[in-house]
1. Quick one: which residues, 5+ away or cross-chain, put their amide H under 5 Å from the amide H of B:HIS506? H built at 1.01 Å from N.
2. So what is the relative contact order for the range A:289-587, in percent, with contacts set as C-alpha pairs under 8 Å and at least six apart?
3. Roughly how many debye, to the nearest 20, is the charge dipole of the range B:122-225 about its Cα centre, given +1 on each Lys and Arg Cβ, -1 on each Asp and Glu Cβ, and no other charges?
4. Grab the beta carbon distance between A:PHE337 and B:ASN416, set R0 = 35 Å, and tell me the FRET efficiency rounded to 0.05.
5. Just how far, in whole angstrom, is the range A:153-211 from the range A:289-350 if you go by their alpha carbon centroids?
6. Using θ = phi - 60° and the Karplus relation 6.51 cos²θ - 1.76 cosθ + 1.60, list the HN-Hα couplings for the range B:541-549 in order, rounded to whole Hz, with x at every Gly or Pro.
7. Quote to one decimal, in nm, the extra length available between A:LYS32 and A:SER552 on full extension: 0.36 nm per residue of separation minus the C-alpha distance between them.
8. In square angstrom and rounded to 100, what buried accessible area do you get between chains B and A, total over both, with the probe at 1.4 Å?
Protein chains: 2
Amino acid sequence: MASKEELVAAITDKGAEIRNAKTSGADKDAVKALVGELLALKSKYQEVTGEEYVAPGEQGSKDKSKAKKKDAAAGGAAAAGGGADERKAKKAERMAQKEQANQKAKASKSAGGGSERAYHAVIELGEAMGRREQRVWLRARVHTTRSVGKGAFLLLRQGLATVQAILFAGKGGAGITKDAVKYASGISRESVVDICGTVKLAPVPVESATQSLIEVHVEEIHVVSAAMARLPLLVEDASRPEGEGEEGGAGGDAAAEGEGEEGGAHVGPRVTASTALDYRWIDLRTPANQSIFRIQSGVCQLFRDYLAARGFVEIHSPKLLGGASEGGSNVFTLDYFGSPACLAQSPQLYKQMTAACGGFEKVFEVGPVFRAENSNTHRHLCEFTGLDLEMTIKEHYYEALELFGELFVHIFDRINERYAAELAAIGQQYPFEPLKYCRPTLRLSYYEGMKLLQDAGYDANPAEDLPTEQEKALGRIVREKFGTDFFIMDKYPLAARPFYTMPCPHDPNLSNSFDIFIRGEEIVSGAQRVHDVDLLIERAKWWQIPLASIGSYLDAFRHGAEPHAGGGIGLERVVMLFLGLKNIRKTSMFPRDPKRIAP
Amino acid sequence: MASKEELVAAITDKGAEIRNAKTSGADKDAVKALVGELLALKSKYQEVTGEEYVAPGEQGSKDKSKAKKKDAAAGGAAAAGGGADERKAKKAERMAQKEQANQKAKASKSAGGGSERAYHAVIELGEAMGRREQRVWLRARVHTTRSVGKGAFLLLRQGLATVQAILFAGKGGAGITKDAVKYASGISRESVVDICGTVKLAPVPVESATQSLIEVHVEEIHVVSAAMARLPLLVEDASRPEGEGEEGGAGGDAAAEGEGEEGGAHVGPRVTASTALDYRWIDLRTPANQSIFRIQSGVCQLFRDYLAARGFVEIHSPKLLGGASEGGSNVFTLDYFGSPACLAQSPQLYKQMTAACGGFEKVFEVGPVFRAENSNTHRHLCEFTGLDLEMTIKEHYYEALELFGELFVHIFDRINERYAAELAAIGQQYPFEPLKYCRPTLRLSYYEGMKLLQDAGYDANPAEDLPTEQEKALGRIVREKFGTDFFIMDKYPLAARPFYTMPCPHDPNLSNSFDIFIRGEEIVSGAQRVHDVDLLIERAKWWQIPLASIGSYLDAFRHGAEPHAGGGIGLERVVMLFLGLKNIRKTSMFPRDPKRIAP
């Protein structure tokens, strides 16, 4: 084994060799090979000495960076001493300074949108920056800290990306003191820090970081916001793949002190679903949750863009309705300035009024839907996000059905294209098979669906609505037979659908209605609606719905209504099933069920 | 009182008189007077008999048009006799035929997305089609009908566009019979019709139609949905420019008979705002409303696209909250499975939890906001659409302020570019001056704003919040001085803002907060938020907010929070003020105020 001195000499020589190679115009591959050798030497140096190699010339300036460090200590409440008042005074002063500096920067029209620091996102860092040893500012959370000898390693996290930050006392030009290293390694997990440092190529890949090829050599570190030392859950624990570790107890006391601890080796308790939801703001920081909700945001955007490009108009229908809802139970009621009111269970009437009666022809809405249903299942929420659409049809409700099929294929395609990193991150925690779907979308009649079930030995009755278990079974059968997890089933029994559903012209027991399924679970319910007021009244009577309770609804169809069809999509269900997740609470940021209404 | 027979005779005579007057070239006013007399007679007829007057000749043509009329009658419930069962059977049969034809068309892979008819939108028609005399199918509403001699003129409306359709008995190759002409001219206003005809160049411009250079020569006409003959309001009346005509009474009885009447010459009562909202599905058909809500839809889309392109994630925060809202009054309360709950007055906490604490950094939401405020003003609603955003900031809350300014300029620019026709249509009914705005957005401090008011003689106090009248005045002053209707004012008194507002580091009486104005009215309220839990507690105490009521809020900031800022935009206000409208009910499809919760 080489001594430290020998390694330093070898590294210095190799550095000179590289410079020579570059100036003499050696080809890139040759230079790359030399850099590889240099990195290997540096890595060996670190092995031998326990410290990172820092070139002698890198001894930095004292004054400025020292001042910054003081700043950081003041900012990071937890670490620094001093009474609250002193801290507050310091903070105010610091803020004032910052603001003045900023205004000055503005006044002199400095670049970068008024920021004097060139902040980078962790995800933007890359090998090229490492190669040119670029100096950057980062703002990120401390995922873990680890102190080794005179050094501190911090794993910094921002969104889906992580990077290793390194401080070593006395080495290099960073002017880092022993105290600074101690201070850094004592920063509580989940604190927000500002770091200024140099991006360098990592001597060996950093397995624990998504940015495995680089690391940041810290020159300054400031705590922007200190997290309390004992957190109710750790992101690390909440990120653990399903099945790994045991379901923890009450959850509330997972320790969160990173100090002195071997990061990554820590195996804490498994976080219960309930704890995760109680402290959702922490739980949302896991890579899987960052990904799930970015994808959910993407689904909404794709839904709207697809429709807007086809002439659909977005509406915002009222959620506060006078009296009782569209003849439904399961409705939340409230007092509206002394009158009874309730929360909309769907934008049904308003979609119809605007599209079929109001002249907009094609409308959509993305908004909350309220269901006071006292059922605690994996797929019900008392408040969820409805993606609703309604459109006039010219000759057949298949016009709407086709649009639904194409809309979903469009969404699935784009999510797979644009969210590869997010899908991978989710798969790490919740392994799933990518959704199988085909185009055009497979379409079965309800009768055909029942036939498939009967052939498979199920006691399926085509005259009745499909029980949940049979839906699931049908999903499996269809997947096996047609190779798709996504299909449409239409022509449901009339009696199984709401009163405003258009009866089937061929069979009075059926209706022009459809459901759409992903992995054997319903994500859309839709239909052609009755636009003829006489038929509507007849159907309402059949259902024993008091006509007075739907007065406006009926009126709207007395004043001329176009034939129309539409449906409602449950956003959380779509995301859950697309990702093969097992519980709808995983795709609702702040789920509401009969037992949960907080946070 | 005249007998039924007498009235029939009088009506017949009057009809002949009108026809004579028209063929002899009497002036318009004379004809109008006669039509008025005819209508009075018909109205009397209805009073006496309890039925609507139907001319004897209107007992259907024989072959095709007879079938068609029955068809129409069956569809349009109100006019035709015949038992419900018979009608239903016919309808089912018709639907079955249509569906079969459609499926056949599908099977043979016909063009046009499965439709056997090449439907065109009225807005798509053009001179080129007229020149080549293209045959088209249209589905549109009957705006007015007018019969002249052997012909009938129908003004058809679809969205913003209108076109004149013409039927002449015995003329051309269309095979139109006298009865068909009569049938067509008897179609009630606002009925939905299918028309097949040939587009031709209009011999003289059709002043009443937006498609003034062409007309459609009808070959077939079907009533798809018949509107009842007497509508609670006419689109024509509801479209009348402000100030024209008198504010009508209760509104409910504007006659809607086009038959035999001089279309366009009819001057009905002015529709009251209340009637318009009671029958909003009709009122939405006016060109101004079609335009207002298309623009509103555009504003939402532009808002989201701008933010999504900048890495913002869309969230859907819960509207059902346990306990009371963020320490506010004016909240709607409800029972949630036996526990007290309320409706969210803003997504404030959730935006902060996700952006600053949950790792998403930049979030936005478009959703309903509920305020149980008992104020009936031109700019308050109890339910409105909030366009909310929250973002982490690196060094200064001006980062958020700049984004807001650029976001709005982006929206204004695109609306002006993309919605020229809609802006013109709105201007027809509600004349307005286009919004003046500049870039970068004018920014005043609150102190500067107060100074401007004081200089203009107002008793403005920089230590207090700005009263509404002074806001208005300031808008006028700024417009005069800086030439803009759009500006930002920041550094409001701390005491005038919510407890979570970041105090100004330079002046403890001020805050890092801002409002944004259009034409002297506030459309955005925003600020940097406190991210330090100690300061947050201090501010909550100052406001005497019980800490227990904001437990989750405080917790979220104990677990590490990034500095952040954001704001909430009232969608309906933005659209109202951009368009210079006087009442927010004009930009809410189904407005909710203390006195209205229906339809």
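1. none
2. 21 percent
3. Computed about the Cα centre, the dipole is about 200 debye.
4. After rounding to 0.05, the efficiency reads 0.35.
5. Here the answer is 46 Å between Cα centres.
6. 5, 4, 7, 6, 8, x, 4, 4, 6
7. Working: separation 520, 0.36 × 520 = 187.20 nm, distance 7.56 nm.
Extending this stretch completely gives an extra 179.6 nm.
8. Separately minus together, B and A give about 9800 Å² buried.
The values are calculated or read from the model by the stated rules, or taken from the named source; none is laboratory data. Note that the coordinates shown come from a computational prediction; the quantities given were computed from them, not determined experimentally. Cβ sites come from the backbone with ideal geometry, for glycine too, and all protein chains shown count toward neighbours. Remember, those area values only see protein heavy atoms, side chains included, never the ligands or the DNA or RNA. Shrake-Rupley method; radii C 1.70, N 1.55, O 1.52, S 1.80 Å.
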